[in-house]
Structures are given as C-alpha cells and as structure tokens.
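The values are calculated or read from the model by the stated rules, or taken from the named source; none is laboratory data. Given the structure is predicted, the values throughout are model-derived calculations rather than measurements. Quick reminder, even Gly has a Cβ in these numbers, built from the backbone with ideal geometry, and neighbours come from all protein chains shown. What goes into the accessible areas is simple: the full protein's heavy atoms, side chains included, and nothing from ligands, DNA or RNA. Shrake-Rupley method; radii C 1.70, N 1.55, O 1.52, S 1.80 Å.
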Amino acid sequence: MPRARRPLWKTGLRLFGGLLLILLLLTLAWAFAVWRAMEGSKPRLEGRLALAGLGAPVAIVRDAEGVPTITGASRADVALALGYLHAQERFFQMEALRRAAAGELASFLGPPALVLDRQVRPHRFRARARAMVARLTPAERAILDAYVTGVNAGLADLGSRPFEHMVLLKAPAPWAPEDTVLAVIAMYLNLQPAVPQREMDRARAEARGGRAFADFLYPETTPLDAPLDGSRLPEPPLPDRLVPVARARGGEVREAPLPGSNNWAVAGALSTSGAALVANDMHLGLSVPGTWYRARLVVPGRLDATGVTLPGAMFVVAGSTGRIAWGFTNSYIDTADAVIVEETRPGFYRTPEGERPFAVHQETLAHRTGAERLEVRETLWGPVVGRDALGRLIAMRWTAHEPDAVRLAPFLALEQAQSVAEAVAIAHTAAMPQQNLVVGDRAGNIAWTIIGQVPARFGFDGRDAVSFADGRAGWAGMLAPDAVPVVMNPASGRIWTANARVIGGNAYPLLGDGGYDTGGRAARIRDLLFARDRFAPADMLAIQLDDVSPRNGWWHARLVAEIRRRPEDPALQALLPHLAQWNGRAVPESVGFRLVDRFRRLVLEGLYEAWLGGVPEQGFRKTYAPAQAEGSLRRALEARPQALLPPGFSSWEAFLDAKLAELVEEVGDDPADFTWGAYGLAGVRHPLSRVLPFLGRITDPPDVPVPGDRSTVRAQAPGFGASERFAVSPGHEAEGLFHMPGSQAGNPRAPYYLAGHQAWVEGRATPFLPGAPRWTLTLVPEGRAP
C-alpha cells in the first residue's frame, strides 16, 4: 500500500521552522562572537610591552577614568605611545573618520552610507591626502611615522578585532600615514559643507525673487551680533516686490552642522591666578565614545601638554602646556566659493588661459553588496559639484583642496609656544579647518585670531557664485600671515567667540561670511564676562552652563501677544499660564520655553518653505533658513509686507493662525506635559546602536533630559552638545576644570567605560589634570626584556 504523502503545509511549516532555527543559531553565534570580541579587545592596562620603533622606554599611567599621562624621552616616542592608545581604545572611531573623509563609508557600513560617499568622493580626498604626506618635511614625517607605527602596534596587540568590526563582520585594515591626514580632513567635512552651500541657497532665493530677495533671506547681520569691536553691519532692505528669475531645478545641498561652540578668555589682571584664564567648549555631534581622547603628553624638560586629542592624529587639539592655554570654535569664515563653469563644448571649459579640458576621474563607490561608478569632473578650481537653481554648472573652490590643506608642523609647534604672540604667529602658518583661536599665556596676555588658511579673493566678495573664466575674479592664493586679523590684549581684558561674526571694519571682507551663527550666544557670554571683574575656573564653568536664551525673549513676547489677540480660542488661552512663568531658561521642567521655541521654529520653517518653494529634498536639513535668519524673521513679522506673505494665505494674521493651530495640535490635551525635557534629551548613543537598538543596552548611557538649547551658551540638542568643557590658566593646571560626555574608552568592557559622563550631564566640575595613578603600562624598545 503506498505511503500517504505529507500535507504540503506541514512540509512548509517544517522548512520554515528549520530556517528559523538556523537563523536563531546564526544570530546566537554572531552575538557570542561580538561578546568575545568585546572581551578580547579590551585595552592593555598594565605590564611591560616591547614595541618596535621606540627609542627609549615610555610610561603610560592611567587614572581611574582611563586618562593617560604619557611620559617619554622624545616627542616621537610619545607620539608612538599615543598612537598605541588610540588604536587600543578608539580604532572604530578612527576607521569611521578615515572612511568618511575618503568617501568610503559604504564599503564599511553598507549601502545606506552611499548618500554620504556620493557627496564626498568628488573631492578625492584620499588622493589629496597621499600627496600631502609626500610633501611633509622629514621632521613631520618622523613623528607621523612613529604615530602610525604605534597605531598598528596597538591594533595588533588587541586580542580580537574591535567589537564594532565584529558587529559589521569587517576586519580592520592597518593604519597608513595618509589616514592621519584624512582624520583631519574629516573635521573639515564635519565643520564645513561639502558643497558651496551658501551660494547655492542664495541662487535658489535669487531664482524665486531676485537679488534683493536673496540678500534679505540670507543677511550678513542680526540684531544680536556681539563682535569684539562692537561693529554693526547694515541690514538689507525689505523687498517690496519679488522679481523671479528664469531658473532650472537643482541646487539641493547638505546642511552645515549646528553651531554651538564657545571660547573666551580673560587677561591675567582679571583672573584669580594672575595668568590668563581660558574657557572652551567645542560643540559637536555626541556619541559614545566621544569625539576626543583626553591625554597628558610629557617629555621632561621640553613638553607638558594636557588636553584633548583626536584619535587618528598625534597632537593635543586644545588644552594647556603650562605656558599657554588655547581653545577653538568653528569660525564660519568663508573658506569656499561657487565657481560658475563656462562650458565651451563637450568636455571643455573656459579659463583665463583659454579653453581647457575637464580632468575626468572614474571613481568606484564600493558597498557591502556591490559597487557603483561615479564620474568626477574636475576643473582648474576644483571639482564640479552640480548645478545651482539658476541652471549654472558649479565647481567648488575650497581651502580643503589646497596641496597643503593639512600641515602637521604647526600643531606640534603650538605645543612648544612660549607666549600668546608666538602662538598667534604659529596659527598664521597653520593649515586646518579654519577656527577661532583664543589663547592666553602665563604672563596674562590673551588674543584672538583665525587659525588656518584664509582665501585672498579678488574681484568679488564671495557671497554669490561667480565665473573665474576671464581672470577678473578669483583667489590670489591665501592671505599673508600679517594680513590675518588679530585682537590682542584688548583694553577690556576680555575676548569671546561663539561661531558668530567676531570682527567688522576692514577685516570683515577679508574673512567673509561662511554661515555665521546669530550673535545671541556671543552677546550672552559678553554680558556675563562684563558682569564681574574677577574670575576663577568655577566662574567660567558657570558661564558655560548658562541656559538663558537671549534670542527667544523676543519670541516669547510675540507669542503672548498673538495669543492675547485671539481670546476666543480656549486651547491657546490655556498656554498663557505656562508662558507667564517665562524666565528665558531652557530647563527640562519648563513648558514655556518649549512653547516659545516650537512657535519660532514653526514660523521659521513655514516662511522659508514658502519663500523658497519647498524644503530640501536631499541631505539632513528641514529648512533652507540660515542661522542668521533671526533678523529677517523679526522684520518680516513686524512689517508684514505683502510681497513676503506666504502664498495661500489671505493675510499675515491667517498665516499666524495656521502656525498657532499647528502648535496647539502638537501640544495636545495637557500643556503641562509639553516640557522642554520631553524634547531636550542628551541623545548620547553609540553610532551602531542607532541602527541596532539592542546594542545600546550595552553601549549607551541612560538618555536623560539636560538643560540648554541651540540659542543658549549651554548649546544643546538631542545628539548634539559640548564635546568637552574646560577652564584653565597656563601654569595653574591643577586648579583647572574639565569634563567630557561619552567615554574615554570605546570598549564597554573597559573598567572605566562611561566614567566621567555623569559629571558632564550634571555640569559638575572635575579636575583638568589626570587623577591619581591607577594602572601603569611600560612600553620598551623591541629587543629589551618584556
């Protein structure tokens, strides 16, 4: 008798169950491998280790938070030891930096990263980095090679690949000298857009309403500006009519990073130590581990530098040496231009020397499941980055493309500077992402200047795209060192910067406007510095933690006035008691602050969306509005000109009715629940936990509300904030203060993982210098007994 056939559904069920079992087993095996990788890749903390390349023994003494003091006989030996530690603690971060700068993220993270690679690869930074390494002096190359040797030794000394590499099923490749240059270039990309964004946005505005409309939407000044020299710039006139220009679709660009960094200094006459007192809090995207790796670098008799280092590079980025202390904020000066490319025939364009062919590069964007081809056309001035809204072919002229866009010697020289004057002179030889350098010395002197190369433009002001084809406009190289603006020892004894315009007069057109922030934070810092005549580090920390928004006071008054004009609306009237408690502070329990801030955002986004015909379709921003939109918004709401009334509304009153209705809908039934803290979470997460949330249970700190907002000195948004805070007088480092979010360690199994993060959350002062020794590791030259 023939055997009965098994029903098809039962066979399918067995197959499905088998596949689920296989998938479960594979998942468990992968999870076990990741756990083993965490255990195996913990940093070496103690003992004695022989390494090739050392000239003499190096002592690495860590404190309880994992902060090392590295003591060696030479700067090269210290660089090698620092490279060893960076690889042991932060190699995944270093991997991400070099791949991001080279436009190679997708081959590591997968196809979703292609959108970033497509933006970055046209700049061909890997090829440029190799060329920069070839140009280094022997002295620079010796220290770079020592650092690279240390990185690869640290990577080899891990018992397993970094756990993130195991999560991604990728083996780490050795570190190369060009990768250190790429790590610095990654900071260009972090701090400056990869396209000439401001010119592209102005072209969009010009296409919709003419040049006057572009000037109004993208002004050079705000009512809150607080430059060091007290200068004022003229406001553009209100457009009385719009003059559309024939245009082509295009010009979508990536948004520049959120401004938020602060630095300032007071002269020795105003400090409790008698030395200059410098405060710095560089604001960046927040993650675990953090951007910076703390370290103290010591070569007895020659160097004692404490501060933050960038994993991937061998120098102190900001800190103190006993002789000087310095810090940075992103300058937002104009470092790039949109060049109109005049095509003469297919494959050729016009230059002052005549017709020239495009240089064409065929790039391969590899990703985990395949690859795509990208043709890059390059001009004499830089790569072609697209067409603007007026249909013009645009190339990008950028200081990051300079043959020496990254110079290592000035970083190392800054560690040796004896005075403010010497530090300023070194800054004017530096090539790096352009920053506001604020520096003070042991004698009490203070100064501000731009560190990094400043374009020497001729024939145009840099605001709009222009053709360089006839030679009447362009760059005459970079500004000479003695032409770069400096403010040294002002009569007030106070210097401050906060991503906004720092100076006016004849210096302003030299620096240009690359997207300055509104001056609200700078004004608040200025006012707090002038509120007293004596400062200790704790006083500086109090300013860094200030959570009052000068900008939002105007919007509070506007929102209250608009609600009172609508007494018949009970939902709006229910907001007034919360607005009556307004004190301008962005604190978690405040309902009023969130109401005001959200109202402002709804108005801003609504106006700029209407004015510019939509929202950006690519990149990461929600609006075309610049940071300096504040003055334009206020003037539009006060004057309410018909020419600027958003289409679809019969009156400005109707437009505001719509925005208030949106606000009420977002608030919901109980305004008491609409607190700033419900939005203002720290958002400090590991990059991989954002796509693999279960990993966050191991890697991420608790996500808690923190005070602050983009418009406050304590600039804060979810996933964005102070990447460090310090206040220190050179020669008095033992009195200095420091804290940092995230973790010194990259491995959750390290004994000091997340140590110090809670102090940052609470705004609690901790010492600037490393603490008492907890672990000691001695590196010795290869050939000596381990």
Inset, instruction - Go through the range 521-536 and count every residue that is open to solvent by 20 Å² or more (accessible area, probe 1.4 Å) and assigned to a helix (DSSP H, G or I). - result: 4
Legend entry - Filtered residues of the range 341-369 (kept if open to solvent by less than 30 Å² (accessible area, probe 1.4 Å) and not aromatic (Phe, Trp, Tyr)): Val341, Thr351, Gly354, Leu365
Inset, instruction - Inspect the range 412-431 for any residue being under 27 Å from Leu105 (Cα atoms), modelled with pLDDT of 95 or more, crowded, with 17+ Cβ neighbours inside 10 Å and out of contact with any helix residue (DSSP H, G or I) (no Cβ under 7 Å at 6 or more places or on another chain) and give the result as yes or no. - result: yes
Legend entry - Meets criteria (modelled with pLDDT under 95, surrounded by fewer than 22 Cβ atoms within 10 Å (Cβ to Cβ), of a type in the set (A, V, I, L, M, F, W, C) and in contact with a Ser or Thr (Cβ under 7 Å, 6 or more places away or on another chain)) for Ala643: no
Inset, instruction - Go through (1) touching a strand residue (DSSP E or B) at 6+ places or on another chain (Cβ under 8 Å); (2) aromatic (Phe, Trp, Tyr); (3) over 15 Å from Ile60 (Cβ atoms) and name the single condition Trp775 misses. - result: (3)
Inset, instruction - Show the residue pairs that are 6+ apart or on different chains and have beta-carbon atoms under 6 Å apart, the first residue being within the range 480-498 and on the phi > 0 side of the Ramachandran plot, the second being among the small types (Gly, Ala, Ser). - result: Gly493/Ala267; Gly493/Ala269
Legend entry - The lone exception for Trp582 - which of (1) farther than 19 Å from Phe216 by Cβ; (2) aromatic (Phe, Trp, Tyr); (3) modelled with pLDDT under 95 it fails: (3)
Legend entry - Test result for Ala715, touching a residue at least 24 places away in the same chain (Cβ under 8 Å) and within 26 Å of the chain's Cα centre (by Cα): yes
Inset, instruction - Kindly check whether there is at least one residue in the range 161-176 that is in contact with a Ser or Thr (Cβ under 6 Å, 6 or more places away or on another chain), outside any helix (DSSP H, G or I) and either of a type in the set (Asp, Glu) or more than 21 Å from Glu372 (Cα to Cα) (or both). - result: yes
Legend entry - Set Glu562, Glu568: member being out of contact with any Asp or Glu (no Cβ under 6 Å at 6 or more places or on another chain), of a type in the set (Asp, Glu), part of a loop (DSSP other than H, G, I, E, B) and surrounded by fewer than 22 Cβ atoms within 10 Å (Cβ to Cβ): Glu568
Inset, instruction - Specify which of the listed residues (Trp555, Trp496) is in contact with a Lys or Arg (Cβ under 7 Å, 6 or more places away or on another chain), assigned to a helix (DSSP H, G or I), open to solvent by less than 60 Å² (accessible area, probe 1.4 Å) and aromatic (Phe, Trp, Tyr). - result: Trp555
Inset, instruction - Determine if the range 503-512 includes at least one residue that is within 20 Å of Asn280 (Cβ to Cβ), at pLDDT 95 or above and aliphatic (A, V, I, L, M). - result: yes
Inset, instruction - Provide a single number: the residues in the range 661-679 that are under 33 Å from the mean Cα position of the chain (by Cα) and either of a type outside the set (Gly, Ala, Ser) or modelled with pLDDT under 95 (or both). - result: 9
Legend entry - Leading residue by the ranking (nearest to the chain's Cα centre (by Cα)) among those in the range 265-323 that are of a type in the set (Lys, Arg) and under 25 Å from Arg749 (Cα atoms): Arg294
Legend entry - Failed criterion for Asp240 (all others in (1) modelled with pLDDT of 90 or more; (2) surrounded by fewer than 16 Cβ atoms within 10 Å (Cβ to Cβ) hold): (1)
